[in-house]
Amino acid sequence: MALKTESMILNMGPQHPSTHGVLRLELEIEGELILSVKPHIGYLHRCFEKHAEAMTYPQVIPYTDRLDYLAAMGNNFGYVVAAERLMGIQVPERVEYIRVIMAELQRIASHLVAIATNGADIGALTPFLYLFRDREYILTLFEMTCGARMLYNYMWIGGLSHDIHPDFVRKTKEFINHFRPTVVELNNLLTFNKIFIERTANIGVLPVDTAINIGASGPVLRGSGLAFDVRREDPYSIYDKLEFDIPVGQGMVGTVGDCWDRYYVRVLEMEQSLRIIEQLIDSIPDGDVQSAIPKRIKPPKGTVYGRVENPRGELGYFIISDGNLNPFRVKVRAPSFVNLELMGELCKGHLVADVIAILGSLDIVLGEIDR
Amino acid sequence: MGLLDKEFSDGNIVIARAEDLMNWARLSSIWQLGFGLACCAIEMMATSASHYDFDRFGVIPRNTPRQADAIIISGTVTLKMATRIKRLYEQMPDPKYIISMGSCANCGGPYWEHGYHVLKGIDRVIPVDVYVPGCPPRPEALLEGLLKLQDKIRNESIRKKIA
Amino acid sequence: MKNPEEIYELLKKEFNETIFGLDKDTPVENIISVDPMNIHKIGAFLKDNEELKFDSLMVLSGVDDANGTKVKDEDGTEVITGGTLSVYYHLHSTVLKHKITIKTSAPRENPEVESVYDVWRTSDWHEREAFDMFGIIFKNHPDLTRILMPYDWDAGYPLRKDYKNPEFYQGMKVPY
Ligand code: SF4
């Protein structure tokens, strides 16, 4: 005689250690099997877009820091790129060099957190401690430059808030030498760890056409095997002069586009970032980092959509100017916002424990999802 | 007045007031509710990671409010979240302590003026023991906040809770 | 790779009077305005046409144009009547590498726009957000509910320019 079964609703979050903040997932489960997942967001809606309308253009920059707080440099970068395109400002070479170095350092720091929490969520706590040690190294570099550990307000429209510290170049090189072996260590510790592979390979497989249609970007899209990177596709700053590879998922231990692929793309990207920094660090041109900052920032009437490659994917700012000192409207295209939509798609048919692994591999930041 | 003032010379026996003993036990193992809200939560994570090592003060994250002694409000509290935080607070057993970390939890922080969906200070919903200023506070500042909380617990009395 | 004029010509040929015009005196990007009730058809054409192939919707944004008449209430708050709310679509083709911006406007009193949910899945949450923030109704969207604000929020649409914040929400004071 067959037993009659019913599906059950399980709430995960908003207070859950693995939801990376205040996300709530409504799981419909049958036993251990997931039937559907519905994310509920908005628990961190901090009204960024309203603030942007009430502030002048430079005053918006500190608020952009707080969108994706793991990659504040990248957020600044996206905003100033958009605003500069609207105003037609050319920034000096030195500024571009420093900006790219900072953005790449930030990418490493952000991926470190992503990897660390992904591991910690599914039970590997040791890499978390190792990787946060290395992240502190990068934070020290930032702190030396602009005095803040996490939220920098460093890139200004047309320039930078501070020049780099005289020791910066030496310390960055030290960091590169220190970090290369760390990646090897990480691979031994976590990447090719049997348990970790068991938990992530063949889990949450994302086919590439679904990824494009939903609009996924960043490591999530590249993990599915498409080499799409805004730095290549739509080059901004000096990325068109730099040499770097775009790592894509290859299904090394499972299927292309599974959690492990998304994870491994991040590891490889950190190495590429080191490569970019190495190309620039010795040849930073001389000059003044504030010479191109306009006295009064008042863009002409019009609209602009500027996008950059943030650690989590394509970060875009859509700015409408009505010719005043305040933006008329700023809309943020947050990569995690779009990537999180995949949750429902990816979890179907997996077990409850896999939800954590999938969520960790998407690497979301609630600050930019809810804005 | 340390606990070990009145140690007898042949060791092994310590005389202390029950109050001091209890306070000492309480303050040296503050288990915090493992739960982060916003940017400040990342600094909280950094505090419990390798460089700053929250663990040496006896602070470890517990994932359920029913086993937690303290809750660190680490970030912006929105209206949607405030009701949930209140419920978490009510689920915790007494004695319970609140550290409000960062300007957002203290008073709304950068969002105080135009934040139509931001609660301007967690103390409008639940009582706070220690406020840690900063945006975000450095890990050292959070540690200082914890030391302040320990001081507070050290001076507590069974008869009357110093609220 | 096509420039905005060519894209405009193509659209005009296919849909004629539902395409309103091409705004060219913008500093960076040119905008094609279209009819809100035909956006689904136009979107499908933009996505599937061999020469256009706009397979990725980068961002969908609601905007309050604030171009109606502004009147002061008796207690000093501004209320806007008339005018339009707009939706901007930024499209990109990952195959042909070109970009275009589409704009559509609906009257403020009855802001209805067709949903492009089944053309680009990206628009799912973006449309919900535009509904949440501006009250723009997307026809045929499968689940048009509030997304960022609480489900029981009844004080209006916060990003409209004449939005007024309530004094209390569930017993909590909202203003500073
Ligand atoms: S106080 Fe600052 S760092 Fe902390 S949550 Fe608020 S905005 Fe973020």
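The values are calculated or read from the model by the stated rules, or taken from the named source; none is laboratory data. What you see is a predicted model; the values in this text were computed from it and never measured. In this analysis, Cβ positions are derived from the backbone assuming ideal geometry, glycine residues included, and neighbour counts consider all displayed protein chains.
One line per residue, one yes/no per condition, for (1) among the charged types (D, E, K, R); (2) under 19 Å from A:Leu268 (Cα atoms); (3) touching a helix residue (DSSP H, G or I) at 6+ places or on another chain (Cβ under 6 Å):
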residue: A:Val113; (1), (2), (3): no, yes, no
residue: A:Ala120; (1), (2), (3): no, no, yes
residue: A:Gly123; (1), (2), (3): no, no, no
residue: A:Pro127; (1), (2), (3): no, yes, yes
residue: A:Asp134; (1), (2), (3): yes, yes, yes
residue: A:Cys146; (1), (2), (3): no, no, no
residue: A:His165; (1), (2), (3): no, no, yes
What number of residues within the range A:319-348 satisfy the criterion of being in contact (Cβ under 8 Å) with a residue 40 or more places away in the chain, closer than 25 Å to A:Thr56 by Cα and more than 11 Å from the chain's Cα centre (by Cα)?
-> 10
Looking at this structure, is A:Tyr137 aromatic (Phe, Trp, Tyr), under 23 Å from A:Gly287 (Cβ atoms) and in a helix (DSSP H, G or I)?
-> no
Taking the range B:57-79 on its own, how many of its residues are more than 13 Å from every other protein chain (Cβ to nearest Cβ) and either without any contact (Cβ under 8 Å) to a residue 24 or more places away in the chain or β-branched (Val, Ile, Thr) (or both)?
-> 1
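Quick one: in the range B:97-124, of everything that is away from the ligand (no atom under 15 Å from the Cβ) and modelled with pLDDT of 90 or more, which residue is nearest to the other protein chains (Cβ to nearest Cβ)?
Applying the first criterion (away from the ligand (no atom under 15 Å from the Cβ)) to the range B:97-124 yields B:97-98, B:116, B:124.
Those left that are additionally modelled with pLDDT of 90 or more: B:97-98.
Working: B:Tyr97: 17, B:Ile98: 15 Å.
My answer is B:Ile98.
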Identify the single condition in (1) surrounded by 15 or more Cβ atoms within 10 Å (Cβ to Cβ); (2) more than 9 Å from every other protein chain (Cβ to nearest Cβ); (3) more than 30 Å from B:Thr83 (Cα to Cα) that C:Pro107 does not satisfy, given that it satisfies every other one.
-> (1)
Whichever residue in the range C:29-55 is out of contact with any Leu (no Cβ under 7 Å at 6 or more places or on another chain) and within 14 Å of chain A (Cβ to nearest Cβ) and, among such residues, is surrounded by the fewest Cβ atoms within 10 Å (Cβ to Cβ) = C:Asp48
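How about the range A:1-79: which strands (runs of 3 or more DSSP E) wholly inside it have at least 2 residues that are modelled with pLDDT of 90 or more and under 22 Å from the mean Cα position of the chain (by Cα)? Before the answer, list the steps.
On the way: elements: A:8-12, A:24-30, A:33-40.
It comes to none.
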Among the residues of the range C:120-139, which ones are more than 9 Å from chain A (Cβ to nearest Cβ), touching a helix residue (DSSP H, G or I) at 6+ places or on another chain (Cβ under 8 Å) and surrounded by 22 or more Cβ atoms within 10 Å (Cβ to Cβ)?
-> C:Ile136, C:Phe138
Quick one: B:Met44 ticks every box in (1) within 14 Å of the ligand (Cβ to nearest atom); (2) under 23 Å from C:Met172 (Cα atoms); (3) within 14 Å of the chain's Cα centre (by Cα) except a single one, so which number is it?
-> (2)
For the range B:72-96, how many residues meet the condition of being within 16 Å of the ligand (Cβ to nearest atom) and not polar (S, T, N, Q)?
-> 9
